[in-house]
Amino acid sequence: MQNPNLFRTISAHDSLQFWQGSFLNCQKVRDFTEFDVRDIARMTGTAKSSVRFDAKAPKEVREHLENIANICNLVFQFFQDSVKTKLWLRTPNPMLGNVSPRDMLRFGRYAKLLRFINQAMEEGSVEAPQTPAATT
């Protein structure tokens, strides 16, 4: 029997449209997360002068931005709203030691953040918010 939790580390959909076919739009991920070149250079161990967001972006930059795009899409699956997803990324979270998820990503804590998100999904503590029914 398959374990569906095994596949929860990857977003089921590219709801934020970071991907164009098999190509990640690195600039779109950067714009969404509001990371600057200095942040990305620090995350990837790449010189600031080497950080690019086009098809010639260094492998380290592409891989980190792929991981960040995945986190953003996983969170979007819960909120179904890009503004709320951005707000969640920027807001200090008591379950993360009062550190924002964005700062966790900035400081290279992608794996820990992904575990946190997946654990919340597995425990059922993350349920999609219900839209109130329209009253007539």
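Values quoted throughout were computed directly from the atomic coordinates according to the rules given, and no laboratory measurement underlies them. As the structure is a prediction and not an experimental result, all values here were calculated from the model. In this analysis, Cβ positions are derived from the backbone assuming ideal geometry, glycine residues included, and neighbour counts consider all displayed protein chains.
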In this structure, the FRET efficiency calculated for GLN119 and PHE23 from their beta-carbon separation, with R0 = 35 Å, to the nearest 0.05, is 0.65
Quick one: 3J(HN,Hα) in Hz for the stretch 109-121, Karplus 6.51/-1.76/1.60 with θ = phi - 60°, rounded, Gly and Pro as x. 9, 4, 4, 5, 5, 4, 4, 4, 5, 5, 4, 4, 5
Go through ASN98, ASN73, ALA120 and say which Cα lies farthest out towards the positive end of the charge dipole of the chain; charges sit on Cβ, +1 for Lys and Arg, -1 for Asp and Glu. ASN98
Amide H contacts under 5 Å for VAL99, restricted to residues at least 5 apart in sequence or on another chain and with H modeled in the peptide plane, are ASN93
Would you grab the residues whose amide H sits under 5 Å from the one on TRP19? Only those 5+ places off in sequence or on another chain, please, with H modelled 1.01 Å from N. ASN25
